[in-house]
Structures are given as structure tokens and as C-alpha cells.
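Q: Pasting a structure here, questions to come.
What follows draws every value from the coordinates through simple rules; no lab data is involved. Source: prediction; values computed, not measured. Positions of Cβ are backbone-derived with ideal geometry, glycine not excepted, and every protein chain shown enters the neighbour counts.
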Amino acid sequence: MSLSKKSTVIVENLRKKQMREAISAGKRLDERSLDEIRPIEIELDVIKKANGSAWVKLGNTEVVAGVKVETGEPFEGLENSGAMIITAEVLPIASPHIEPGPPDEETIELARVVDRGVRESEMLDLKKLVLVPGKIVYTIFVDCSVINVDGNLLDATSYAVVSALASCKLPVFEIKDDKVVDTGKTQEPPITTLPVSVTTVKIGDYLISDPTTEEEACMDARLTITTNSKGSIVAMQKGLKGSFSMEDVKSIADKAITKGEGIRGKLKGMINIG
Amino acid sequence: MQEVKRKYVIPGDIVAEGNMRPLVNVFKNGNSIVATRIGITESNQDGAKVIPLSGIYFPRANDIVIGKILDHSSLSWSVDINSCFAAHLPAQDIFGRDFSPAHDDMGRQLSTGDVIVARIAIFDRTRDPILTIQDKDLGKIPTGELIKISPTRVPRLIGKRGSMIQTIEKASSTRITIGQNGIIVVSGKDKEGTTLAINAIHMVEVEAHTSNLTQRIKQLLNVPESEIESDAQTNDSNDTTINQDGINSNNNDKEMGMINSNGSK
């Protein structure tokens, strides 16, 4: 969400007033407490032709992520690392406010923030995904499609990507006569940690976790913090014009760590990994 | 009293056979009447129809709707009426015939996010509906709690001649403005009454198709036992005729419109 663009969702003034009154009383319009995350549902292997896939439902927000593994040249300057590319798109069926066509700023930001969380946490040990150093490496594509929008796409997409990557099976490639051969076998991906992002927004003077579309249309500022399995902060993204005080940032960071731990536990249970 | 036959149908199901008149949400195929929506059938001497259980709001002239102002051009406001059509409220409707975009500030009268109760003045399916607020009890709604229900539940919420909505208003001491498009504004003096009314409205939405709903609503609202019993006789007839309000009869709509805008008939 850029500084310049106003949200396309317009919330009725009556509803805004209702929301502010409810929030100041410590409750939200959907009866959640201010820092409560909506229920998360995850289904794995929803796309049979992908190497790994996940469908995530966070409240009413739904995202599907698919992993495809190929081989290719490494990125310049990262010759001894596998390549990973995370993309995201919001489908027009997901919301009446989304139009077909090239991605808008919000969607580009979505892909970048999710990518940053996974990349900076070093969730995948890319160094282990090299076939011929400097020439041939594993290339992992993670493509996400948002199929229903009800706020907090950043977290929902992040959970979908993490679930899809953690549960995927990498094909085993070998080099024979300078050519890449798919052996037909599969291997576990080199997972080192599970990054979890938690988004908190500010409406008036109050901090709210996991906002819905309506709440996002009323927010002044947004902060997404991604933590790794050790509870360390690995990535951050701040959005919109509004500002956070130092105390706000500290409290959001604490929440990102504690709430993140709970969500990580849920993800682990659903993905069935230790 | 004439016999009313009901059954649940999906699009393509045969509603009735024989020489009957197709009313709403059905079409005639040879000798049978076929449903075009998911819903409950109702066939009697007048003909056969389907009362939809789900669906969007389709505008009709003279409907009372509640909309939110999205934006304005130099000549009209564009209004979201919870439909596949965006409605327009002409600036002349408020400023009069001598409206001039150069002198009159439209943003001061109605701005983005304001909620209005309006009547659909013109709609012929070929162009977007035109609204008017030139009528009694129409215009901007300054206060109240806004809730949304499925537009197909609106006739049940109003009830036969406004009985259901009057029961809720009386028991919760609130004033409820209902739009045919499923948007409702509840204004009350205290929070408890408003919450009670909202709970009752949600109950009607979820259980609209079940029988003895009026009785359960009265229990929820703590209407005294004596009143429940005295009304029990009429409950059944209420439940069987609920959706008669939903048919496309203009007389009915006008009547309902007045119920909506006045809060009582």
C-alpha cells in the first residue's frame, strides 16, 4: 500500500464510527480482541502438478501458493546459491475492487514483503541447492494467487508460501554428460527455520493485529514484522503515511514475537514437521 | 384459505406442471414451470414462483434503498447500493433546478462515506438507476449502527404488513431503517436495545426460511408470554405468507417502502 494511493474500499462513516467506538472499548466489529488473529486453516498439496502447494484461509482471506522446481543459471553475484523467486497476484474473482491487468503497487509490495521474509530468514538453505557452482542451480518458483480478499493479505500469503515450501518435495537432479537429468526421485527441502509474519495496524491511537478489509480501509499506518524460529526479527515493512511512536514499535515487535510463536506452532502442527 | 404448496428447488428443477402462470424466478417450458434460482417454490391459483434463498439485490423503480456515497462528479453523486449497478443521485435533486456546478459545493452536502436512504426514481435495466431523496424520511442518515443482511431476507425481516420489524422495534425501543438492498440502520437510545435489535435481525437472516420464526424472535426479545400466545394463531399465517411481500407487485413495494422509511406504518 503506497503513500499516494488511497484505499479503493470505502467504509461508511457510520461504520467507521461504530468501529472506533468498539475499538476504544477493547473489542472489534467481529468480536475479536485487539490483538487476536483470525482462525487459520491450511490444506497442503492442493495442486497435484506442483512440487508443493498450500491453500491458506485466514478468516475469510484465502490464498493458494504453488512451488515449482526447475534448474537454471544462478543470479549474478550469487553464483553459489540456488535461485528463489516468489510472485503474487490478486485474482479479479477475489474482490469487487480488483481489476484484471498488470499488478498494482499493492500487489507488487505483497510479493516483495513475502519474498523478503522468506529470503532474509534464510528459511531455505539455498547454498545446498547448487548443481554446478556458478553454472547450474536449483531454481524455485513460488507463485501465489489470492482468491478471496478480506484483509491482511501479507500474512495470509506469507503463511501460504511458508507452508508450500516446507511441505514441498524437491526433485533430485543429476549432471550426466554436462546435462541435467531428472532422476525421478525426490528429496526434502533444506528447511532451516519457519518465518512467520505478523501485521499490526494503527487506527486512531490503537494497535490492531490481523486487520480485515474494513479495518484496513480505516488504518493510518501498518507495520509487518517477520520473525524466525528463534524469535528474532528478520524483516520489517512499514506502510502508509501514519506514524508509530517508539513504544508502538516495541509493543508491535513484542506481539510479532509472541503471536508469531503461536502461529508457528500451528503451522508446524498442520505441516507435520518438527 | 387457498392451499400453498412449497418445496426446495435449484435452477432447472420443475416447480409445477400443468397450465399455470409463471410468476417470478421461473420460466415456462412446454407444460412445466422451471426454476431459475435456488429457493422455495410457491404455487397456487395465481401461478407458480420461486422465492430465492440467496442472491444479489436487483434494483426496481420505487424501491427504498440505503446507499453509501462513493464520489461525486460535477453533476451527480455516485452511490453504492449493494448491487451490480452503481446508482446516481443527481445534484439537482438536492440543489434544485438552478443548480450550478460553479457555485454550489456538492462536497458540503454529501461527502464520501456518507450514508443515505433514497428511493429509486428511474430504473429500466439499460442504464444505471437514478435515485431521489425528495420524499418524506429520505436523505442522509447521521447516526445509527449499520448492518448488512442478504437482500433476499428483507421481506421476511419486514414481515406481513411490517409485523416482524414492528415487533423488533417495539421490544428493543429502537428505530430501524431497512433498505430493500439488504442494508439496515438501527438507531436506539441505549446500546443494549441496539444490540438486542441487531441480534434479532441476524436471527431472522439465518432462520428466515424456517417456521415459527416470529415466536422464536419474540422469545429472544423477551416479549411477554401472553403476547406470544395471543399471536400464535397468526404466526402460521405469517410464516406461510412471509414471502408474498417478495413478489414483484408494485402496490406491495410501495407499501413496504413506506414501512421502511417511517419505521412504522
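Q: Give me a single rounded figure for B:109-119: the average over its residues of other chain Cβ atoms within 10 Å of their Cβ. Walk me through the numbers on the way to the answer.
A: Numbers: counts 0, 0, 1, 5, 8, 3, 4, 0, 0, 0, 0.
Mean number of neighbouring Cβ atoms from other chains: 2.
Q: As I understand it, the dipole of the stretch B:1-141 uses +1 on the Cβ of Lys and Arg and -1 on the Cβ of Asp and Glu, about the Cα centre. Which of B:Ile10, B:Ile130, B:Ile56 lies farthest toward its positive end?
A: Checked the options; the winner is B:Ile10.
Q: Quickly rank B:154-167, B:124-137, A:50-63 as a protection proxy: mean count of other C-beta atoms within 10 Å, highest first.
A: Values: B:154-167: 21.3, B:124-137: 14.4, A:50-63: 22.9.
For the peptides B:154-167, B:124-137, A:50-63, the packing ranking is A:50-63, B:154-167, B:124-137.
Q: Would you work out the charge dipole size for the protein assembly as shown about its Cα centre, treating the Cβ of every Lys and Arg as +1 and the Cβ of every Asp and Glu as -1, and quote it to the nearest 20 debye? Write out the running numbers ahead of the final one.
A: Numbers: 64 positive and 74 negative charges, 88 e Å.
It works out to roughly 420 debye.
Q: If the only charges are +1 at each Lys and Arg Cβ and -1 at each Asp and Glu Cβ, what is the size of the charge dipole of the stretch A:20-146 around the Cα centre, to the nearest 20 debye?
A: Details: 15 positive and 24 negative charges, 71 e Å.
Dipole of the stretch A:20-146, to the nearest 20 debye: 340 debye.
Q: Hey, fewest Cβ within 10 Å first, where do B:Ile38, A:Ile252 land in order? Each step should come with its number before you reach the end.
A: On the way: B:Ile38 17, A:Ile252 24.
Placing the least packed residue first, the sequence is B:Ile38, A:Ile252.
Q: If I model a spin label at A:Asn80 and B:Leu70 as a point 7 Å from the Cα along the Cα→Cβ vector, what separation in nanometres do I get?
A: With each label point 7 Å from Cα toward Cβ, the separation is 5.7 nm.
Q: Okay, helix-only estimate at 222 nm for the protein assembly as shown: each DSSP H run of n ≥ 4 adds -39500 (n - 2.57), divide by all residues, round to 500 deg cm²/dmol; what do you get? It would help to have the intermediate numbers written out before the result.
A: Numbers: 13 runs with 153 residues, N = 539.
Here the helix-only value at 222 nm equals -9000 deg cm²/dmol.
Q: Which translational diffusion coefficient, to the nearest whole µm²/s, is obtained for the protein assembly as shown from the Stokes-Einstein equation, given a Kirkwood hydrodynamic radius over C-alpha pairs, 10 °C and 1.306 mPa s? Mind dumping the intermediate values first?
A: Values: Rh = 26.8 Å.
Value of D from the Cα-based Kirkwood radius: 59 µm²/s.
Q: Still on this structure: Charges on Cβ only, +1 for Lys and Arg, -1 for Asp and Glu, centred on the Cα centroid of chain A; of A:Leu207, A:Ser81, A:Val67, which one is farthest towards the dipole's positive end?
A: Checked the options; the winner is A:Leu207.
Q: Now for a different question. If you project the alpha carbons of the stretch B:43-200 onto the principal axes, what extent comes out on each, in Å, largest first?
A: Per principal axis, max minus min of the Cα coordinates gives 53, 45, 23 Å.
Q: Moving to a separate point now. Non-local amide H neighbours of A:Asn148 (under 5 Å, H modeled in plane, Pro and chain starts lacking H): which ones?
A: Under 5 Å from the amide H of A:Asn148: A:Glu62.
Q: Okay, moving on. Which value, in nm² and rounded to one decimal, describes the direction-averaged projected area of the C-alpha convex hull of the stretch B:64-140?
A: Values: hull surface 19.8 nm².
With every direction weighted equally, the projected area is 4.9 nm².
Q: How would you classify the stretch B:8-52 from its alpha-carbon gyration tensor, with a ≥ b ≥ c the square roots of the eigenvalues: rounded for a/c under 1.5, else prolate if a/b is greater than b/c, otherwise oblate?
A: oblate
Q: Something else: Ordered by residue, what ³J(HN,Hα) values in Hz, to whole numbers, does the stretch A:138-149 give under the Karplus form 6.51 cos²θ - 1.76 cosθ + 1.60, where θ = phi - 60° and Gly and Pro are x?
A: 5, 10, 10, 9, 10, 10, 10, 10, 7, 10, 8, 9
Q: Convex hull over the Cα atoms of the stretch A:153-270, averaged projected area in nm²?
A: Value for the stretch A:153-270: 9.8 nm².
Q: Less than 12 Å Cβ to Cβ from A:Glu43, Lys/Arg counted +1 and Asp/Glu -1: what total charge do the surrounding residues give? The partial results should precede the final answer.
A: On the way: positive: A:Lys57; negative: A:Glu41, A:Asp45, A:Glu62.
Local net charge: -2.
Q: Compare the peptides A:106-114, A:20-28 by average per-residue count of other Cβ atoms within 10 angstrom and give them in order, highest first. Working shown, then result.
A: Numbers: A:106-114: 20.6, A:20-28: 14.1.
So the peptides A:106-114, A:20-28, ranked by packing, come out A:106-114, A:20-28.
Q: Dividing the Cα radius of gyration by the Kirkwood radius, what Rg/Rh value follows for the stretch B:158-198? Before the final figure, lay out each step's value.
A: On the way: Rg = 9.9 Å, Rh = 10.3 Å.
Here the Rg-to-Rh quotient is 0.96.
Q: Got a sec? Charge dipole of the stretch A:190-274, +1 on Cβ for Lys and Arg, -1 for Asp and Glu; which of A:Met219, A:Val249, A:Ser232 is way out at the positive end?
A: Sorting the options by dipole projection puts first A:Ser232.
Q: OK, next. Over all residues in B:64-72, what is the mean tally of Cβ atoms on other chains that come within 10 Å of each residue's Cβ? Don't skip to the end; give the middle numbers.
A: Details: counts 0, 0, 2, 1, 6, 3, 2, 1, 0.
Per residue, the average neighbour count from other chains is 2.
Q: As a test of understanding, state the convex hull volume per residue of the stretch A:13-271 from its alpha carbons, in Å³. Working shown, then result.
A: Numbers: hull volume 34.7 nm³, N = 259.
Once divided by residue count, the hull of the stretch A:13-271 is 134 Å³.
Q: Assign unit charges at the C-beta atoms only (+1 for Lys and Arg, -1 for Asp and Glu), then state the dipole size of chain A relative to its Cα centre in Debye, rounded to the nearest 20.
A: On the way: 35 positive and 42 negative charges, 88 e Å.
With Lys and Arg at +1 and Asp and Glu at -1, about 420 debye.
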